[in-house]
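Everything below concerns the one structure shown next.
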Amino acid sequence: MKILVTGCCGFIGSNFVRYLLNKHKDYRIVNLDKLTYAGNLENLRGIEDDPRYEFVRGDIADEAFVTELFKKHKDDNFDAVVNFAAESHVDRSIMGGDEFIRTNIEGTHILLKNAMHHEVGRFVQISTDEVYGALKPGEPAFTETTRIAPNSVYSASKTAADMLARAYFKTHGYSTFITRCSNNYGPYQFPEKLIPLFVSNLLEDREVPVYGDGMQIRDWIYVDDHSEAIDLVLQKGRPGEVYNIGAENEIANIELTKMLLKHLGKPESLIKYVKDRPGHDRRYAMNSAKIHEELGWKAKVDFESGLERTIKWYIENRDWWERIKTGEYLKYYDRWYGDR
Ligand code: NAD
Ligand code: DAU
């Protein structure tokens, strides 16, 4: 297998590359990443020199560039595309949505168009549970047939990308697959997201900003479980299908915050309730029965041990998140790759 994987300098993509190269000795991966603020080459340390791995800096929304990349590989063609590249943070989409539309929608379309045109066998679109909108307490978890109802510019742009993948299957018979996963946690997550932001703040004895009443619920999954599910969809999924991925770990933000405080031995006085996120989705929960029944996948990592492993990683890799928080990581790579 030779796979074009986009967005591998981010959180899930970098963990996915590690997972695939460990699991499949004969896989080759080309990582296409723009190196936005969220892209960090340090996330791939230890992998850069693997002959099965190649990094290409580029923008999925730059059509001329993407077309040239596919052309360059046509004699030793990609077997699949896995598209992680995205603007991924809800709060940033509230501040301004332009990049979300460009990357998440236009970029996905440019990839779909080129992958189909260059006869790449399979296209996996990495999507999110947020396309289903929010659940009320007691409502059943999202299934693949739940009505789509995105509430943020981020989730609306991810929904549009899903609809494009669906349309390429329905109209052109192109083999697209959509995976929708719940909230991931694990190593190398950018410290703007709840778990790495709170853990790193607490390690610096700083306050943690809990939005609103902190009673919003997220359904957490360890990142390697997500990678395993994507790998299965890539190998054995049915074209045109959507697969939900979740680990049945529904936890309210305030409860999770208190777990983090307890793990790190910090006082509850560090909790700071702040103004709520506009349009804040109250609850997500995933029903993963379909991927379990069709592909035999089930999450393996329980939340307690996954969280403990994750916290340990942030303690042991303080230099990694400190360089991000001070902005030093941007300067370092700009020396090699130019301005962002
Ligand atoms: P991330 O923000 O950590 O990483 C995104 C990566 O994409 C970065 O390396 C960035 O440089 C790259 N990128 C952004 N714009 C690009 C462009 N125009 N061209 C090429 N590369 C570009 O994101 P993440 O949390 O790892 O999420 C990865 C994917 O998984 C996203 O599609 C996201 O919607 C989806 N997802 C995330 C979660 C989660 O909990 N983090 C859950 C479900 C689905
Ligand atoms: O559900 C999957 C989604 O999970 C992915 O599609 C997104 O890419 C990913 O960013 C994540 O979205 P969330 O908005 O759920 O993640 P975030 O870490 O930003 O927030 C988790 C919850 O914590 C949410 O209810 C908002 C809250 N929160 C977040 C931050 C950053 C706080 O209370 N305080 C904070 O400072």
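The values are calculated or read from the model by the stated rules, or taken from the named source; none is laboratory data. Everything numeric in this text was worked out from a predicted model, so none of it was measured. A quick note on method: Cβ atoms are made from the backbone with ideal geometry, for glycine too, and the neighbour counts reach across all protein chains shown. Please note that ligands, DNA and RNA were not included when accessible areas were found on the heavy atoms of the full protein model with its side chains. Shrake-Rupley method; radii C 1.70, N 1.55, O 1.52, S 1.80 Å.
Tell me, rounded to the nearest percent, the portion of alpha carbon pairs in the chain spaced more than 32 Å apart.
On the way: 14904 of 57630 pairs.
Cα-Cα pairs in the chain separated by more than 32 Å: 26 percent.
Just to confirm a number: summing +1 for Lys and Arg and -1 for Asp and Glu over residues other than THR257 whose beta-carbon lies under 14 angstrom from that of THR257, what do you get?
On the way: positive: LYS193, ARG206, ARG218, LYS258, LYS262, LYS266, LYS272; negative: GLU207, ASP213, GLU255, GLU268.
So the surrounding residues net to +3.
Take the Cβ-Cβ distance between GLU48 and ARG147 as r, set R0 to 35 Å, and report the resulting FRET efficiency rounded to the nearest 0.05.
On the way: r = 43 Å, r/R0 = 1.24.
The pair GLU48/ARG147 has a calculated efficiency of 0.20.
Just the accessible area per residue of region 1-131, please: how many Å² with a 1.4 Å probe? Show your work: numbers first, answer last.
On the way: 5010 Å² over 131 residues.
So region 1-131 comes to 38 Å² accessible per residue, rounded to a whole number.
For region 23-116, what does the alpha-carbon gyration tensor say about shape, rounded, prolate or oblate, given a ≥ b ≥ c as the root eigenvalues, a/c under 1.5 as rounded, and a/b over b/c as prolate?
Details: a/c = 2.30, a/b = 1.33, b/c = 1.74.
Judged from the Cα gyration tensor, region 23-116 comes out oblate (a/c at least 1.5, b/c at or above a/b).
Which translational diffusion coefficient, to the nearest whole µm²/s, is obtained for region 153-238 from the Stokes-Einstein equation, given a Kirkwood hydrodynamic radius over C-alpha pairs, 37 °C and 0.692 mPa s? Could you put the intermediate results ahead of the total?
Details: Rh = 15.8 Å.
After rounding, the answer is 207 µm²/s.
Have a look at VAL17, VAL66, VAL274 and tell me which one the Gaussian network model of the chain (Cα, springs below 10 Å) gives the largest fluctuation.
VAL274
Would you mind counting up the charge near MET116? Only other residues with Cβ under 15 Å from its Cβ, with Lys and Arg at +1 and Asp and Glu at -1.
Numbers: positive: LYS71, LYS74, LYS113, ARG122, ARG166, LYS170; negative: GLU63, ASP79, GLU119.
Once all neighbours under 15 Å are counted, the net charge is +3.
I'd like the carbon and sulfur percentage of the solvent accessible area for the chain, probe radius 1.4 Å, heavy atoms only, ligands and nucleic acids excluded. The partial results should precede the final answer.
On the way: 7460 of 14590 Å².
Carbon and sulfur: 51 percent of the exposed surface of the chain.
Where in region 119-138 does the amide nitrogen come within less than 11 Å of the point 7 Å from the Cα of MET215, taken along Cα to Cβ?
Backbone N within reach: 137.
Which shape class, rounded, prolate or oblate, goes with region 235-332 when its Cα gyration tensor gives a ≥ b ≥ c as root eigenvalues, a/c under 1.5 marks rounded, and past that a/b bigger than b/c marks prolate?
Details: a/c = 1.86, a/b = 1.55, b/c = 1.19.
Taking the square roots of the gyration eigenvalues as a ≥ b ≥ c, region 235-332 is prolate.
By DSSP, what percent of the beta bridges with both residues in the chain are antiparallel, rounded to the nearest 5?
Details: 3 of 40 bridges.
Approximately 10 percent, going by the DSSP bridge assignments.
Nearest 500 deg cm²/dmol is fine: what mean residue ellipticity at 222 nm does the chain get from its DSSP H runs of n ≥ 4 alone, each adding -39,500 (n - 2.57), divided by its residue count? The partial results should precede the final answer.
On the way: 12 runs with 135 residues, N = 340.
Result for the chain, helices only: -12000 deg cm²/dmol.
Please report the relative contact order for the chain, taking Cα pairs under 8 Å with a sequence separation of at least 6, and give it as a percent rounded to a whole number.
Values: 627 pairs, mean separation 60.3, N = 340.
Once divided by the residue count of the chain, the mean separation gives 18 percent.
Between LEU330 and GLU268, 0.36 nm times their residue separation minus their Cα-Cα distance comes to what? It would help to have the intermediate numbers written out before the result.
On the way: separation 62, 0.36 × 62 = 22.32 nm, distance 3.32 nm.
Full-extension gain reported as 19.0 nm.
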